[in-house]
Amino acid sequence: MRYGVLGTGAVGRVLAGRLVEVGHDVQMGSRTADNEAAAAWAAEAGPNASHGTFADAAAFGQTVMNCTAGGASLDALAAAGAENLAGKVLIDVANALTFETGRLTLTVCNTDSLGEQIQRAYPDARVVKTLNTMGNEVMIHPERLPGLHSVFVSGDDAEAKQQVAGVLESFGWPPESIIDLGGIATARGTEMYLVLWIEMMQAAGGDRHFNINVVREAG
Ligand SMILES: NC(=O)c1ccc[n+]([C@@H]2O[C@H](COP(=O)([O-])OP(=O)(O)OC[C@H]3O[C@@H](n4cnc5c(N)ncnc54)[C@H](OP(=O)(O)O)[C@@H]3O)[C@@H](O)[C@H]2O)c1
């Protein structure tokens, strides 16, 4: 499949690289066509990797991944273009957070979420929020942590969530670790979890290589 990965930061590069590794053609998008990080990634990732603007990458992808800074995601998606997102699965990995007050705060929470904002702005896209509850190293190689641990999916389109579960499995996530929370409004919970994630990371002296596991009573 062809993927458009919007975002040239660590998350965009890591996810785009893993998508190439598991056999897809990937174009990375940026505000500019000549973004240095995107060009370096494409050169290293090989013949199935390319780069361009947000609009180029979204047009290229049969599926699009939003890996842009959460506070700028709506601007990045506007640049990608509604016509390049319509009808496509749009995997949203972003968190709208800021450290402006010296502590992590979310720029949207409680009664709304970035996932919902994106779905409202692009009603013809099939938005699935996932992978936003862990560091990027864990997203693409869940086996680097011992035992089972959880990844969440939120979205209004059941078929889109099924497709995304397939992508997660191709990264190594066992099906029993993938928790479908329900509609896109459930992204509020996974986005607000970020506050706890940051505090756990800080409490562990900055170690980002951890995740949570949802454990249930047997039977
Ligand atoms: N770091 C993690 O492990 C982790 C884990 C879970 C979720 N996330 C979320 O994943 C997303 C990506 O994180 P990241 O650390 O890889 O990168 P980032 O630095 O948060 O975002 C970089 C991307 O955002 C774009 N961008 C920045 N300002 C913009 C603006 N004003 N208008 C349009 N686009 C703009 C950049 O465009 P250019 O390419 O043009 O520079 C770049 O592609 C974030 O939402 C983050 O919260 C991160």
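The values are calculated or read from the model by the stated rules, or taken from the named source; none is laboratory data. Fair warning: this is a prediction, and the values are worked out from it, not measured in the lab. A quick note on method: Cβ atoms are made from the backbone with ideal geometry, for glycine too, and the neighbour counts reach across all protein chains shown. Ligands, DNA and RNA are excluded from the accessible area calculation, which covers all protein heavy atoms including side chains. Shrake-Rupley method; radii C 1.70, N 1.55, O 1.52, S 1.80 Å.
Going through the stretch 135-148 one residue at a time, which ones are open to solvent by 10 Å² or more (accessible area, probe 1.4 Å) and assigned to a loop (DSSP other than H, G, I, E, B)?
Quick first cut of the stretch 135-148, residues open to solvent by 10 Å² or more (accessible area, probe 1.4 Å) only: 136-137, 140-141, 143-148.
H141, L145, P146, G147, L148 - these are the residues of the stretch 135-148 that are open to solvent by 10 Å² or more (accessible area, probe 1.4 Å) and assigned to a loop (DSSP other than H, G, I, E, B).
Give me a count of the residues in the stretch 168-187 that are open to solvent by 30 Å² or more (accessible area, probe 1.4 Å), touching a residue at least 60 places away in the same chain (Cβ under 8 Å) and more than 17 Å from V108 (Cβ to Cβ).
1
Considering only the stretch 1-10, how many residues are open to solvent by 40 Å² or more (accessible area, probe 1.4 Å) and within 9 Å of the ligand (Cβ to nearest atom)? If you could, list the steps in order and put the result at the bottom.
Of the residues in the stretch 1-10, the ones open to solvent by 40 Å² or more (accessible area, probe 1.4 Å) are 1-2, 10.
If we keep only those that are within 9 Å of the ligand (Cβ to nearest atom) too, we end up with 10.
Final tally of qualifying residues: 1.
For the stretch 181-219, how many residues are of a type outside the set (A, V, I, L, M, F, W, C) and more than 27 Å from T98 (Cα to Cα)? Lay out the reasoning, then the answer.
Initial filter on the stretch 181-219 (of a type outside the set (A, V, I, L, M, F, W, C)): 182-183, 186, 188-191, 193, 199, 202, 205-209, 211, 213, 216-217, 219.
Still in the list and also more than 27 Å from T98 (Cα to Cα): 216-217, 219.
Of the residues in the stretch 181-219, 3 are of a type outside the set (A, V, I, L, M, F, W, C) and more than 27 Å from T98 (Cα to Cα).
Can you find a residue that is of a type outside the set (V, I, T), in contact with a Ser or Thr (Cβ under 6 Å, 6 or more places away or on another chain) and closer than 10 Å to I184 by Cβ anywhere in the stretch 124-131?
Our first condition is that a residue be of a type outside the set (V, I, T); within the stretch 124-131, this holds for 124-126, 129, 131.
Subsequent filtering for residues that are in contact with a Ser or Thr (Cβ under 6 Å, 6 or more places away or on another chain) retains 129.
Checking which are closer than 10 Å to I184 by Cβ leaves us with 129.
Scanning the stretch 124-131, I find at least one residue that is of a type outside the set (V, I, T), in contact with a Ser or Thr (Cβ under 6 Å, 6 or more places away or on another chain) and closer than 10 Å to I184 by Cβ, so the answer is yes.
Is it fair to say D56 is more than 10 Å from the ligand (Cβ to nearest atom) and open to solvent by 20 Å² or more (accessible area, probe 1.4 Å)?
Considered against the rule, which asks whether it is more than 10 Å from the ligand (Cβ to nearest atom) and open to solvent by 20 Å² or more (accessible area, probe 1.4 Å), D56 comes out as yes.
Please go through the stretch 59-104 and give me each residue that is in contact (Cβ under 8 Å) with a residue 12 or more places away in the chain, surrounded by fewer than 18 Cβ atoms within 10 Å (Cβ to Cβ) and more than 11 Å from the ligand (Cβ to nearest atom), ordered by number.
Scanning the stretch 59-104 gives Q62, G81, A82, A86, G87.
Under 9 Å between Cβ atoms, which residue pairs at least 6 apart in sequence (or on different chains) link something in the stretch 24-50 that is open to solvent by less than 40 Å² (accessible area, probe 1.4 Å) with a partner that is away from the ligand (no atom under 15 Å from the Cβ) and among the acidic types (D, E)?
So the pair list comes out as A45/E21; A49/D25; S50/D25.
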